[in-house]
1. Hey, Gly142 hits all of (1) out of contact with any helix residue (DSSP H, G or I) (no Cβ under 9 Å at 6 or more places or on another chain); (2) at pLDDT below 90; (3) more than 30 Å from Thr201 (Cα to Cα) but one; which does it fall short on?
2. Just for the range 72-94: of the residues that are in contact with a Pro (Cβ under 9 Å, 6 or more places away or on another chain) and at pLDDT 95 or above, which one is nearest to Ala134 (Cα to Cα)?
3. Just a yes or no: is a residue in the range 4-25 modelled with pLDDT of 75 or more, surrounded by 16 or more Cβ atoms within 10 Å (Cβ to Cβ) and not hydrophobic (A, V, I, L, M, F, W, C)?
4. Which count do you get for residues in the range 177-217 that are hydrophobic (A, V, I, L, M, F, W, C) and part of a strand (DSSP E or B)?
5. If only one of Thr169, Thr201, Thr205 is within 29 Å of Ser129 (Cα to Cα), at pLDDT 90 or above and hydroxyl-bearing (Ser, Thr, Tyr), which one is it?
6. Only residues in the range 94-113 that are closer than 20 Å to Gly142 by Cα count as the first member; pair them with residues that are part of a loop (DSSP other than H, G, I, E, B) and among the aromatic types (Phe, Trp, Tyr), Cβ under 9 angstrom, at least 6 apart or cross-chain, and list the lot.
7. Read through the list (1) surrounded by 13 or more Cβ atoms within 10 Å (Cβ to Cβ); (2) in a strand (DSSP E or B), then give the number of the only condition that Ile39 fails.
8. Among (1) touching a strand residue (DSSP E or B) at 6+ places or on another chain (Cβ under 9 Å); (2) under 20 Å from Ile35 (Cα atoms); (3) loosely packed, with under 13 Cβ neighbours inside 10 Å, which single condition is His203 missing?
Amino acid sequence: MAENLHFNSVFDIIGPVMIGPSSSHTAGACRIGKIVRIIFREQPNIVTIYLYGSFAKTYRGHGTDIALVGGVLGMDPDNVCLANSLKLAYEWGVDVRFVINKEEKTEHPNTARLVVEKGTKKLSVTGISIGGGAIKVTEVNGFSIALNMGVPTFVIVHQDVPGIIAQVTNILSEQHVNISQMNMTRESRGENAIMMIEVDTPHVTGICKKMKKIPNLHDVSFFE
């Protein structure tokens, strides 16, 4: 008999809509890459991918390499072009490098750290694929965070200026959206900052559009 199994939805059982072969090694990996692309806000010139544990051992056989790169190129897990992501990266001038580490112990066997660069701009993100296409983000630019991307989440990129957080939370309050967790980090004082907000409400029609009108807020994405 299964012990204490808990599913939030039927998609936890049958998995996400995706290009195979694996929900954890392919769909989850693609979503890690996509989060990196959203935070970075543009296509990088250099992508260095550090793979650990199971990812390091089976990344080619399970398509983890093409999935991570596809996500960085802006693809979703069901994009038919995902299988050609490495070829497309080469054609688009993106230098992709893989660093395989089978020995180092990590919090989870399906762990990847992506470092993306363009000129002097650089971003580091560590993500974990926890199964069924769900992921967790555990590090952004060296700051430890604990963000479960399996719950409704806003990812907001903005200028590090006073008042942004208050304006964002005011919009959520006006729409009766409750915040369950918030993580924030920044490149440096006055530069780009990242706000990740988990909420209790899965349907937030129109809220992203309202947030995009906030001065100095560069981009907002919502993940159900």
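The values are calculated or read from the model by the stated rules, or taken from the named source; none is laboratory data. Remember, predicted model here, so these are calculated numbers, not experimental data. Methodologically, a virtual Cβ is constructed for each residue, glycine included, from the backbone with ideal geometry; neighbour enumeration extends over all protein chains shown.
1. (3)
2. Val72
3. Within the range 4-25, not a single residue is modelled with pLDDT of 75 or more, surrounded by 16 or more Cβ atoms within 10 Å (Cβ to Cβ) and not hydrophobic (A, V, I, L, M, F, W, C).
4. Residues that pass the stated criteria total 10.
5. That would be Thr169, the only listed residue that is within 29 Å of Ser129 (Cα to Cα), at pLDDT 90 or above and hydroxyl-bearing (Ser, Thr, Tyr).
6. Phe98/Tyr59; Ile100/Tyr59; Ala112/Tyr59
7. In the conditions (1) surrounded by 13 or more Cβ atoms within 10 Å (Cβ to Cβ); (2) in a strand (DSSP E or B), Ile39 misses (2) alone.
8. Condition (1) is where His203 drops out.
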